[in-house]
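Data block below; observations after.
Just so you know, all these numbers are worked out from the coordinates, no wet-lab data involved. What you see is a predicted model; the values in this text were computed from it and never measured. For neighbour counting, all protein chains shown are included, and Cβ atoms are generated from backbone atoms with ideal geometry for every residue, glycine included.
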Amino acid sequence: MKRMNAVSSFILLFLVSIQVTAQNARITPVTETISLLTDGQGRETRALVQSGKGLVVFDSFWAKAPANRFRDAVEQTIGRNDFVYVLNMTDRLDMFGGNAAYPGARVIGQEMLGSKYKGKEEEVRAEIRELIDMWRWKEDVSRKRLPTHEQGSDAAINEERWANICKQRADELESGYSLRLPDISYSDRMTLYLGDITLELIWFGKAGNYNGMSVAVIPEEKTAFVPGFILHSQHLAPHPFDEYKPLDIDRWISVLAEILEGDDAVNTVICGMGEVWNAERAVEHLHYIRTLWKRVQELDAAGKSLAAIQDQLSLEKEFAFVKRMQAYVEGGDDWIRPQHRAHVSTFYQQLKTFIAADILMQGGADALQASLARVRELRADGEDIHFDEAAIARIGDYLLKQGAVPEAIAVLTLNAEVFPESAAVYAGLGEAYTRAGEATKAVEQYRKSLERNPENKNVIDALNELERTIK
């Protein structure tokens, strides 16, 4: 079979869409060795590499059940089951929960994946619980949205489909999660020799909540595989889940430039669960990340505040080109504009001394107090610290939810020291003291909040309730 170039692959996938169907499973060729395969339920799509050495799959779903469906779909469509490698491309648990469905294959992942979870059963259970709750919440939101769509419309059908997907993921995670960590790990990169082709794994770096995210390239096919957390049709850059976490932005740029620029650049990029892009679209995102990072550093070096940088790099000024990106066309202004502002804030905070998760959330009361003391020392010494009121408040909320009430009060007290004119910080302290059973202190904090925002009904109600209990 003659190897197809990127243009013919793109046309094949999206215009001609030559497909082989067996019991509702569907396989769509992208190149000579790469296909996209959709399982028998028509819900999940993954890339599949058919090499002379065996089959290679990317990620393995959130649990063994969907991985088994995918295996069945492979056998139904191409009549092969010689799986040789399962590539775990990120360190998110619900992306490799089906590793155990491939007992004869070797599982490969970046070394941080193993160090993050090996011997940490309690942490794994807690994270799985959070993922279950997340998918239950998404299902609930979707079902509440369903009546707003016209019955029988495409929007209603898609909403119902999404709600069912969320339910299925939560159900299958809850029915039993099987953790199988990689058999083979790598640090920076690894090359797999698959007989007729090679596959190169490259660590992408820390992005969002993820420490072990990687990309893959098959040079002979001029095709790259990039997780949807990195390139996505409605995201400008890796999504800033926690904007106060350190990110490897320089590495992002280096890796993307390696695969998208120069004589060895790829022609085709497979993103996430099966979007196929031409290289030009991916280059748009590289240009965005590279330009934003450069300009944020330059403006910060010039002494500009975050507010001034946000204004200078807005979609009306220097970053007006974003409106010409396909991500903007598909996502719309209401989605992309706040996302861009979040990226500006995240990139800016990479240049500052962190006072959020990486300093405060050390684990244990003693370590937390030492961290808070260090923050106060840095502040007194005039260190270049960027305080984010909302980020610190989220840490306080997180600690409250974990039942670490004294620690939450300590964090929220720092917030009040840094932002003494904020009504919200005192409202947060009022809630924390209420949880601690210290009604008098809670009343004091709520009153401070109302001095700064007398119209906050939630605070008024909380204060009235507390004052009744004190009497």
Where the only charges are on Cβ atoms (+1 Lys, Arg; -1 Asp, Glu), what is the dipole of segment 357-470 about its Cα centre, to the nearest 20 debye? 340 debye
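For segment 357-470, build the convex hull from the C-alpha positions and give me its volume per residue in Å³.
98 Å³
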Fully extended contour minus Cα-Cα distance, from ARG251 to GLU160, at 0.36 nm per residue: 28.8 nm
So, R0 is 56 Å and r is the distance between the beta-carbons of ARG106 and LEU315; what FRET efficiency does that work out to, to 0.05? 0.75
Let me know the shape class of segment 96-197, please: from the alpha-carbon gyration tensor, a ≥ b ≥ c as square roots of the eigenvalues, rounded when a/c is under 1.5, otherwise prolate if a/b is greater than b/c, or oblate. prolate
Calculated FRET efficiency for the pair GLN151/GLU330, C-beta based, R₀ 22 Å, to 0.05: 0.30
If r is the Cβ-Cβ distance from GLN369 to SER305 and R0 is 22 Å, what FRET efficiency results, to the nearest 0.05? 0.10
Does segment 121-174 come out rounded, prolate or oblate by the C-alpha gyration tensor, with a ≥ b ≥ c the root eigenvalues, rounded set by a/c under 1.5 and, if not, prolate when a/b is larger than b/c and oblate if not? prolate
DSSP beta bridges in the chain: the antiparallel percent, rounded to 5, is 65 percent
Arranged from highest to lowest average of other beta-carbon atoms within 10 Å per residue, in what order do the peptides 57-69, 75-87 appear? 57-69, 75-87
Estimated inter-spin distance, VAL141 and ASN458, nm [label 7 Å along Cα→Cβ]: 1.7 nm
Of 256-262, 96-102, ordering from highest average Cβ density within 10 Å down gives 96-102, 256-262
Contact order normalised by length for the chain, with contacts defined as Cα pairs under 8 Å and 6 or more residues apart; what percent is it? 9 percent
When we measure straight from the Cα of LYS53, which lysines land under 26 angstrom away, once same-chain ones fewer than 8 places off are left out? LYS2, LYS64, LYS222
What's the extension gain from ILE470 to ASP188 if we count 0.36 nm per residue and subtract their Cα-Cα distance? 95.5 nm
Most packed first (mean Cβ within 10 Å per residue), the peptides 411-421, 212-222, 180-190 order as 212-222, 411-421, 180-190
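Assigning unit charges at the beta carbon (Lys, Arg +1; Asp, Glu -1) and nothing else, what dipole magnitude in debye, to the nearest 20, does the chain show about its Cα centre?
Details: 55 positive and 70 negative charges, 131 e Å.
My answer is approximately 620 debye.
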Ranking ALA373, THR413, LEU429 by how far each Cα lies towards the positive end of the charge dipole of segment 357-470 (+1 on Lys and Arg Cβ, -1 on Asp and Glu Cβ), the top one is LEU429
Assuming 0.36 nm per residue, please report the length gained on full extension of the stretch GLN402 to ASP133 beyond their Cα-Cα distance. 95.3 nm
